[in-house]
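Where a number appears in this text, it was derived from the coordinates with a stated rule and is not lab data. Just so it is clear, the structure is predicted and the values come from calculations on it, not from any experiment. Cβ: placed from backbone, ideal geometry, glycine included. Neighbour counts: every protein chain shown.
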Amino acid sequence: MDRIEDCISFLAGKAAQQVTRRARELLAPHGVTPVQYAVLKVLSGAEAMSGAEIGKRMVLDSASITGVLDRMESQGWVERKPNPTDRRAQLIVTTHNAKRLLPTLDNEMDRLNDEARSAIGDNEHAFYRSLRDLSSDANWNPNV
């Protein structure tokens, strides 16, 4: 490789920076970060989840997800409730305010996706498939 601009690591990193920057811009007026939005989306499909379940779905370690949930709880986006089947664990639920805000946040992320689609062009489905392939552990051979 002659130029860093031809390195997949460099290109993927720069693309991730741009998408994350734009997501922050769109979500900031609502007081939500991209990772907090992701937590709300994960929770929107469930009545309640444990922090470990959320972390696993988002591929975040327990310390990271705990910190995110602590901040979200202090902002009034989530609540911790006792787990009726395990007294040692807690379940995370979204608050009424978060549920009410989620459609607005979804619209902002739809805008981000539309902007990204515009940059990608006509090969959107192939691009998304390639991103999913790159993000899958199954597609990486540790012996190569």
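Suppose the chain between A28 and R111 were pulled fully straight at 0.36 nm per residue; how much longer would it get relative to their current alpha carbon spacing?
Taking 0.36 nm per residue and subtracting the Cα distance, the gain is 28.5 nm.
Between 0 and 90 degrees, rounded to the nearest ten: what's the tilt of helix 62-74 against the longest Cα principal axis of the chain?
It works out to around 60 degrees.
Could you grab the relative contact order for region 4-110? Cα pairs under 8 Å, six or more apart, rounded to a whole percent. Display every interim value, and only then the final one.
Numbers: 92 pairs, mean separation 26.1, N = 107.
The normalised contact order for region 4-110 reaches 24 percent.
Of the residues K81, K41, K14, which exhibits the maximal mean-square fluctuation in a Gaussian network model of the chain defined by a 10 Å Cα contact cut-off?
K14
Using 0.36 nm per residue, how much length does the chain from D133 to E5 gain when fully extended, once their Cα-Cα distance is taken away? Could you put the intermediate results ahead of the total?
On the way: separation 128, 0.36 × 128 = 46.08 nm, distance 2.13 nm.
Gain on stretching D133 to E5: 43.9 nm.
Compute the helix-to-body angle for 124-135: its Cα long axis versus the longest principal axis of the chain, expressed 0 to 90° and rounded to tens.
The angle comes out at about 70 degrees.
What lysines could a cross-link reach from K56, if we take a straight Cα to Cα line under 23 Å and drop same-chain neighbours fewer than 8 places away?
Within the straight-line limit of under 23 Å, K56 reaches these lysines: K41, K81, K99.
Ignoring everything except DSSP H segments at least 4 long, calculate the 222 nm mean residue ellipticity for the chain; use -39,500 (n - 2.57) per segment, divide by total residues, nearest 500.
Working: 6 runs with 89 residues, N = 144.
That calculation yields -20000 deg cm²/dmol at 222 nm.
For region 4-110, what does the alpha-carbon gyration tensor say about shape, rounded, prolate or oblate, given a ≥ b ≥ c as the root eigenvalues, a/c under 1.5 as rounded, and a/b over b/c as prolate? Each step should come with its number before you reach the end.
Working: a/c = 2.69, a/b = 1.58, b/c = 1.70.
It is oblate, given that a/c is not under 1.5 and a/b is not larger than b/c.
With r as the distance between the Cβ atoms of D122 and H96 and R0 = 35 Å, compute the FRET efficiency 1/(1 + (r/R0)^6) and round to 0.05. Please report the intermediate quantities before stating the final value.
On the way: r = 42 Å, r/R0 = 1.19.
After rounding to 0.05, the efficiency reads 0.25.
As I understand it, the value is the acute angle between the Cα axis of helix 8-27 and the longest principal axis of the Cα atoms of the chain; what does it come to in degrees, rounded to 10?
Roughly 40 degrees, rounded to the nearest 10.
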